[in-house]
Amino acid sequence: MHKKPFLPSKVCMTCNKPFNWRKKWQRNWDQVRYCSERCRRQKESNQTDPYVNDTKTM
């Protein structure tokens, strides 16, 4: 019997894709918000630059 289908999952705050629990997140699963380092970096860069993805001004 496989245990993988029973792992907890969350939705990434940057890409809105679901991702599952990983062993490296076992200590801080409650604080995990992003599926990858790439999404975490992308979110940080979007917050610092207010004109990124700003379609209202076009």
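In this structure, the amide hydrogen of residue 14, modeled 1.01 Å from its nitrogen in the peptide plane, lies closer than 5 angstrom to those of 35, counting only residues at least 5 positions away or on a different chain. Distance between the pseudo-spin-label points of residue 11 and residue 28 (7 Å out from Cα toward the beta carbon): 2.4 nm.
Any read-out appearing in this document is the output of simple, stated calculations on the displayed coordinates, not a laboratory observation. The shown structure was predicted, so the numbers you read here are calculated from the model rather than taken from an experiment. All Cβ positions, glycine included, derive from the backbone under ideal geometry; neighbour counts span all protein chains shown.
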